[in-house]
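Notes to accompany the following structure.
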Amino acid sequence: MASRFAWSIVLGLGVLAAACSHDAATTAASGNPPSHLAQTSGTLTVTGLTDEVRVVRDRWGIPHIYAKNADDLFFAQGFVQAQDRLFQIDLWRRSTQGRLAEVLGDDYIERDRMARLMRYRGDENTEWNSYAPDARQIATRFVAGVNAWIAMTSANLPEEFEIAGYKPEPWQPEDLLSRAEGFVMTSNALDEVFRSRLTAAVGAAKAALLLPLDPSAPLAVPGGVDLSAAARILGPRLATIGAPAHFGPRTSSTTAALFDPPRSTRREGSNDWVVAGSKSATGKPLLANDPHRNLDHPSLRYLVHLNAPGWNVIGSVVPWFPGVAIGHNDRIAWGLTIFAADVQDLYVEKINPANAHQVESHGRFVDMTVVKDAIPVKGRAAPIEVEHLYTAHGPVVAIDNDARVAYALRWTGSESGTAGYMGALSLDRAKNWEEFRHALERWKVPGENFVYADVDGNIGYQAASLVPVRPNWQGLYPVSGSSGDYEWRGFRTLDELPHDFNPASGFLATANNDTLTAASKPNIGYSWSPPARVNRIREVLGTTRQFTAEDFQRLQHDATPWNAERLVPLLQPMTFRDPEIERARRLLTDWDKRLAQDSAAAALYVEWESELTKRLARRFLDKDLAAEYLQHESDVLVPTLTTMPEAWFGAHPAMERDALLESSLTAAVASLKQTLGSDMSAWRWGRLHTATFAHPLAATSAAARARFDVGPFSRAGYGDTVFSTGGPGYLQDDGATFREVMDVADWDRSVGTSAPGQSGQPGSPHFDDLAKMWAAEQYFPYSFTDAVVQKNAEATLVLMPRR
């Protein structure tokens, strides 16, 4: 979801085509990469360093940065990441700071206003100290490195800036403290809006069936709030936060993208797991992680190795941050998946009829905080004057003038220390389980399920998040802000959140689920946690085998749908009169239950499951609401079809269920005949299911697509397999572009994938070189020790201080 923030950019046809044609012709004629590419070998003299820094890029484009002190290390990290991803990180900054209208015009005024509304406005010292004692100094040096590269390349900027029509500006340390991106990664407020819409349409009882709580509990609907009005007003406003950016002329699709929630049949997810030495062929732990996000180009992830006194850590980081967010140092390894705690609440505040800047609180009207702001807009001589309003609960995200109410958002992002991923600066230096957990006290946003392993043979799991305590309500609907009945009472401690250490099972696994049973969960709120992927992972890890790193690579690409293992047997005792549908039934019952690219049954199963879900939802919902429901449904299909509750199927559940199985299969066959032809034996899942890394500057012409896009690639799996390849329709637009398998017994045996490439600049050899390996399910080594780094070295750049 975070990738909605800075990408999906559409350019004017003429400008783009001309720029692409010229550069491609230049490259072809000369045989050399374009002159604007960053220098990656030799020597550069750089203002701002205190000593020499060596940057060794290996054959896969990963920079291994060797510095003699921490200040130079993070200066060099900023410099190197700007070399490879300057346009990406600069557009991210504009997006999160609310500065898109400045370069894109009027369409972005409201989006910018919402991004500015979400800024952190608390104490600056408390904020920096939340991440690490030296976080401010690290950030200062990191942005100094970014600025050094901007200064060095200002006369010959990357071509993306030429096409986009603006130039990067110097960075400040505070630019790293954005909150707007954190909203997208903790968007429980959008869940509240949808649950409100659902409850208003079908009532609380059916809403509880459609969106069951985890752990199970009676659904309590707070009174005094018009749920239908709240959903209607809040939906478009909240969807504006993080909406994609579009260069070029305004279109109807531009407006839709700005204000409509993303349409996808499945949400993004992630996997991580770890086994102890007792279940490992090496006798030491093995750890795997594949976080799932949109298939962005450039990738959301950037791989880097940092080495200086007190630092020796390798892994991935979001390109605009310092440190390493996921990886290992010389003592410990860790991975993460989103921990879906509820950290956002919506409050309905009564506005004083006589004063639009006051709301009711405990029987009297009190002032809201008013912050004046000005938004520069391209094409306007003067900036747009706006005001941001804040109640005691947080920023006012919408106002219903007719009802005289304001909707305020309380969320953990308003607290100190909640800039996404900045807590990694403490994790990177932990040496054992105790230090790791202590560092996680600084990790507040986004909430994550961390798995852990160390060289001493320990494994562990810890959920980390700033989770509010709600003493008397569930946090599932907008609530009244005036009575004081719905207030947070502090935050959960790390000990109160799910955790485990050296379990008797010998393994730990999450897939956006925590590791605890429902009976032992604390009251952390209720949120999405699909079971299929984690159930399959635990099914495999629960066997008695001794696992290797190669086994973990295969499991990361496991395309066996756990759902199919439960649903296809329901067809076994049935027969259908229609010969074509009976043939389809036998195709599924004889299937090996793998969503392989070359499988006809795989294509049929995915279409059948999709029809089952849609038709099940339509038992309660109209067409439009059912379509939106498919974005939120997580744990209904399998339990409903296998247990046949009367609440879903009435007095004759078996008959009704079987009729649904047949009608859905009939519809699936009809659909595939239209897309793949009438010969069922010739159907192939991989013909339908493809993935393309669509570059933000490549949407308007064949020449642009040829230069910038990477793909398409035929894909196995789907959204609910461990090999998660979900997206709208048949396309994969989210999943794991980045994977790690970490071998604690020998760090140099650790491997990874990261597509499409390390560089964001077309013409670089590392612009798309990793995509084919990714598509072929191949990994590259994580070189860690000096000898192996040198063995795999491709280019060495020495950064020298300017005396």
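The values are calculated or read from the model by the stated rules, or taken from the named source; none is laboratory data. Quick caveat: nothing in here was measured; it's all calculated off a predicted structure. Cβ placement follows ideal geometry from the backbone for every residue including glycine, while neighbour counts extend to all protein chains displayed. The accessibility values were calculated without ligands, DNA or RNA, using every heavy atom of the protein model including side chains. Shrake-Rupley method; radii C 1.70, N 1.55, O 1.52, S 1.80 Å.
Shown in residue order for the range 538-545 are the 3J(HN,Hα) couplings computed by the Karplus curve 6.51 cos²θ - 1.76 cosθ + 1.60 at θ = phi - 60°: 5, 4, 6, 5, x, 6, 8, 5 Hz (x for Gly and Pro). The protection proxy used here, the mean number of other Cβ atoms lying within 10 Å of each residue, ranks peptides 566-578, 636-648 as follows, highest first: 636-648, 566-578. Close amide H pairs (under 5 Å, H built 1.01 Å from N) link GLU441 with no residue at least 5 positions away or on another chain. Of the peptides 80-86, 669-675, the ranking by mean beta-carbon count within 10 Å, highest at the top, reads 80-86, 669-675. Residues whose amide H lies under 5 Å from that of SER361, counting only those 5 or more places away or on a different chain, are VAL366; hydrogens are built 1.01 Å from N in the peptide plane. Peptides 543-555, 438-450 ranked from most to least packed give 438-450, 543-555, packing being the mean of other C-beta atoms within 10 angstrom over each peptide's residues.
Taking amide H atoms as placed 1.01 Å from N in the peptide plane, the amide H of ASP58 lies under 5 Å from those of HIS64, GLU794, each 5 or more residues away in sequence or on another chain. Among beta bridges identified by DSSP and lying wholly in the chain, the antiparallel ones come to about 85 percent.
Per-residue 3J(HN,Hα) values for the range 780-797, derived from phi via the Karplus relation 6.51 cos²θ - 1.76 cosθ + 1.60 with θ = phi - 60°, read 10, x, 8, 5, 10, 6, 4, 5, 6, 4, 5, 4, 9, 5, 10, 8, 10, 10 Hz in sequence order (x marks Gly and Pro). Using the Cβ of ASP786 as centre and a radius below 14 Å, the other residues enclosed give a net charge of -1, where K and R count +1 and D and E count -1. What Kirkwood hydrodynamic radius do you get for the range 755-803 when you take the inverse of the mean 1/r over all pairs of distinct Cα atoms, in Å? Roughly 13.0 Å, rounded to one decimal. First check a/c for the range 374-526, with a ≥ b ≥ c the square roots of the eigenvalues of its C-alpha gyration tensor; if it is under 1.5, answer rounded, and if not, answer prolate when a/b is larger than b/c or oblate otherwise. Oblate. Within the full protein context, the accessible area of SER228 is estimated at about 60 Å² for a probe radius of 1.4 Å.
Take the alpha carbon gyration tensor of the range 600-719, find the square roots of its eigenvalues, order them as a ≥ b ≥ c, and report rounded if a/c is under 1.5; if not, report prolate when a/b exceeds b/c, else oblate.
Working: a/c = 2.95, a/b = 1.88, b/c = 1.57.
Note, shape of the range 600-719 comes out prolate.
If you wrap the range 660-729 in the convex hull of its Cα atoms and look at it from every side, the mean projected area works out to 6.6 nm².
Which entries of LYS593/LYS673; LYS593/LYS614; LYS206/LYS593 show an alpha-carbon separation above 25 angstrom in the structure shown? Could you put the intermediate results ahead of the total?
On the way: LYS593/LYS673 21 Å; LYS593/LYS614 22 Å; LYS206/LYS593 32 Å.
Beyond 25 Å between Cα atoms: LYS206/LYS593.
FRET efficiency for the pair GLU169 and GLU496, taken as 1/(1 + (r/R0)^6) with r the Cβ-Cβ distance and R0 = 51 Å, rounds to 0.75.
Only lysines eight or more places from LYS378 in sequence, or on another chain, were considered; those with a Cα closer than 30 Å are LYS167. Computed from the Kirkwood radius of its Cα pairs, the Stokes-Einstein diffusion coefficient for the range 342-400 at 10 °C and 1.306 mPa s stands at 119 µm²/s.
For the chain, with all protein chains present and a 1.4 Å probe, just round the carbon and sulfur fraction of the accessible area to a whole percent.
Details: 14300 of 28340 Å².
In the chain, the share of accessible area belonging to carbon and sulfur is 50 percent.
Couplings for the range 678-694, taken from phi via the Karplus curve 6.51 cos²θ - 1.76 cosθ + 1.60 with θ = phi - 60°, read 7, 7, 4, 5, 8, 5, 9, 4, x, 6, 8, 9, 10, 9, 10, 7, 8 Hz in order; Gly and Pro are left as x.
Helix-only mean residue ellipticity at 222 nm, the chain, DSSP H runs n ≥ 4 weighted -39,500 (n - 2.57), per residue, nearest 500. What is it? All intermediate terms of the calculation are to be shown ahead of the outcome.
Values: 27 runs with 271 residues, N = 803.
Value at 222 nm, helices only, nearest 500: -10000 deg cm²/dmol.
Of all lysines in the structure, those lying under 30 Å Cα to Cα from LYS431, and not within fewer than 8 positions of it along the same chain, are LYS68, LYS279, LYS284, LYS444, LYS521, LYS791.
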